[in-house]
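Each remark here refers to the structure printed beneath this line.
None of the figures in this text is laboratory data; all of them are computed from the coordinates on show. Quick caveat: nothing in here was measured; it's all calculated off a predicted structure. Note that we place each Cβ from the backbone using ideal geometry, even for glycine, and neighbour counts take in every protein chain shown.
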Amino acid sequence: MEYDTIIGLEIHVQTKTKSKMFCTCPTGYFQKEPNSHVCPVCMALPGALPVPNKRAIELCMLMGLATNCTIANEIFFDRKHYFYPDLPKGYQISQYKNPICSNGSVILPNGFEVKIERIHQEEDVAKSTHHTSTSESDYSLIDYNKSGVPLIEIVTKPCIRNAKDAKDFATQIRQIARYLNISDADMEKGQMRCEPNISIQEKGRWEEKDGMILPLGDYKLNPKVEVKNIGSITAVEKAIEFEVARLTKDLEEGKPLIQQTRGWNANKNVTEFQRSKETADDYRYMPEPDIPVIEVSNEDIERVKSELVELPHEKIARYMNDWDISQYAAEVISASRKDASYFENLQKLLSEKLEPKVAAQEAANWLMGTVFALEGDKEIDMNDLSLLIMKFKEGKITKGKAEEMLKDCISNNKDISDELDMFEKESSQNAGNIQDIVKEVLDNNPKAVTDYKGGKEATMGFLVGQVMQKTKGASNPNDVKNILIELLK
Amino acid sequence: MIIDVKHTAELSRITLTPEELEKFTPQMETILESVSVLQDVDTDSVQPMKAHVKFEELREDISQESLTQEEVLRNAKHKESGFVKVYGKVFGDIEES
């Protein structure tokens, strides 16, 4: 039997605000004393009133605008009830029927369009650490610092068909979040969490309609599985691949499938059963009576829109079209906003002397070949780098020597322009006695001279190399070659 | 039966004995029946009564001092090293730890 894989992704992203979603407690809980960022609102003391954070909602809108969503003009909050120690109120303030952003899309590098159903605003829950043992004294330790941190949930339609596209989508969402400073989106720190919904269906027995998977004829759809606890982008792909294989095997062995939530175990590379999934009815959603309806004007949306910047996929297209940069280089350079802006500024600087396209390609070559490999936490001064690249382009320094100089300057904290000055002084001194050095090399290598004169032109490379070695690279190989040709006539 | 009391109790992690279930079910049904008269009211032409606020009037993102850890934990029945301590395995769920 042949099956289709049907995947929808839910991605939670903690947005970067100073205060929590509904109270003024600080959000930065990482490595802080437990329960030190908690107030009556996020601890759910009776009578506490949640007051929505404007910036948090702006960041939710910004994510929606960056993913081509429609932004709602009225914002409603709802209560989602479930009973768990990490949720002090007994419900989470979320959005049910009316999310802030809806009907968006993202185009993956391979051209596939992932449709986004909604992006809604909610609040994070507390962090619980479980201590289980074989005895009856199992317990959990709860830290409410994370409770109430702004969280957005991005929900795709079940339109993804393979694990690689799911991974690419998650990568792109993370990139957008970082580019727009919506979130640091570090999955290891829990700032971004991916939960794929996966099912497999018999080929040709189902259809997708308005973002719903519907059976054809008398076919009964197989239930879906939700996978939680995925701690990295690569695990998104691995967990889906594991789950598809597991579901296929169960189906073929005639085992009944049940709708369930499973957890990814990164040590064993398997998913494990957690619970049978609760339905929307079980959450007993109701409108949040403590928060008024928020009226959003088109001017408000326009103001948020002004925070949009050119996004990675737009940069990649521009680099490739305008400057003939390879797709691979364009992707690497635009991966972070910092690298992309370094590249663009370097290109601008080099354009003062070079053709824009040549400047871009030179900048890309140097970043990909040298700078990214050398750069640690210290950024290479762009003026110095452009100076070095220009010296190379003018043929005053070899690429090898230039790279060596760059490396030396970074690791030994030297000034590139000083080093270049020194190098040029040496070069001009050498230029004076380069004739002498060439003569010396010829005298020391009579066999090479005979070979060359006898028609073995390849010997020229050897002779040039000898001269370059003696001048410690401080001469232009082309000049050396010309002098050699002259003297060997 | 208009309400599944057992299921509702389970959602709130409350264990009911068969006796309690038998006692509470008719009580809750009576409550729901009494309240259900509201369902019959025709509200088609009635605007929902909801307070409105303009986006720009929302709270600015400024953080303020929270309660102290001591204050936060004052009412906690069990605590350990600054955490609230909860006993029992919570319905077999595995959260990230």
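Label-to-label distance, A:Ala245 versus A:Asp381, with points set 7 angstrom from Cα along the beta-carbon direction: 5.4 nm.
Out of the range A:82-176, which GluC sites (Glu not before Pro) are coil in DSSP terms and have no more than 11 other C-beta atoms within 10 Å?
Hits after loop and neighbour filter: A:Glu136.
Listed by chain and number, the lysines whose C-alpha is less than 22 Å from the C-alpha of A:Lys453, apart from same-chain residues fewer than 8 away, are A:Lys439, A:Lys481, A:Lys489.
The tail of the calculated P(r) for the range A:328-371 beyond 11 Å holds 60 percent of all Cα-Cα pairs. With both labels modelled 7 Å from their Cα along Cα-to-Cβ, the A:Asn98 to A:Phe273 distance reads 4.2 nm.
Averaging the Cα positions of each part gives two centres, and for the range A:106-125 and the range A:396-425 these lie 46 Å apart. Rounded to the nearest 0.05, the FRET efficiency derived from the C-beta distance between A:Ala266 and A:Ala458 at R0 = 60 Å is 0.60. Extension gain for A:Ser105-A:Ala317 works out to 74.6 nm (0.36 nm per residue, less the C-alpha to C-alpha distance).
Computed extension length for A:Leu214-A:Ser428: 69.2 nm, one decimal, from 0.36 nm per residue of separation with the Cα-Cα distance subtracted. Overall, the ratio between the Cα radius of gyration of the range A:111-268 and 2.2 N^0.38 Å, rounded to two decimals, is 1.19.
What is the sum of charges around A:Pro109, taking Lys and Arg as +1, Asp and Glu as -1, for the other residues whose C-beta is under 11 Å from the C-beta of A:Pro109?
Values: positive: A:Lys164; negative: A:Asp165, A:Asp168, A:Glu331.
Neighbourhood net charge equals -2.
By the count of neighbouring beta-carbon atoms within 10 Å, fewest first, A:Arg193, B:Arg59, B:Arg74 end up ordered B:Arg74, B:Arg59, A:Arg193.
Please work out the ratio of the alpha-carbon Rg of chain A to 2.2 N^0.38 Å and round it to two decimals.
Output field value: 1.33.
Residues whose amide H lies under 5 Å from that of A:Asp78, counting only those 5 or more places away or on a different chain, are A:Ser94, A:Gln95, A:Tyr96, A:Glu288; hydrogens are built 1.01 Å from N in the peptide plane. In this structure, B:Ile14 and A:Met286 have a Cβ-Cβ separation that, at R0 = 25 Å, corresponds to a calculated FRET efficiency of about 0.80. Note on B:Ile2/B:Met49: beta-carbon distance plugged into 1/(1 + (r/R0)^6) with R0 of 22 Å gives a FRET efficiency of 0.20.
Exceedance of the 26 Å cut-off in Cα-Cα distance is limited, within the set A:Lys167/A:Lys338; A:Lys220/A:Lys249; A:Lys115/A:Lys167; A:Lys115/B:Lys50; A:Lys80/B:Lys85, to A:Lys115/B:Lys50.
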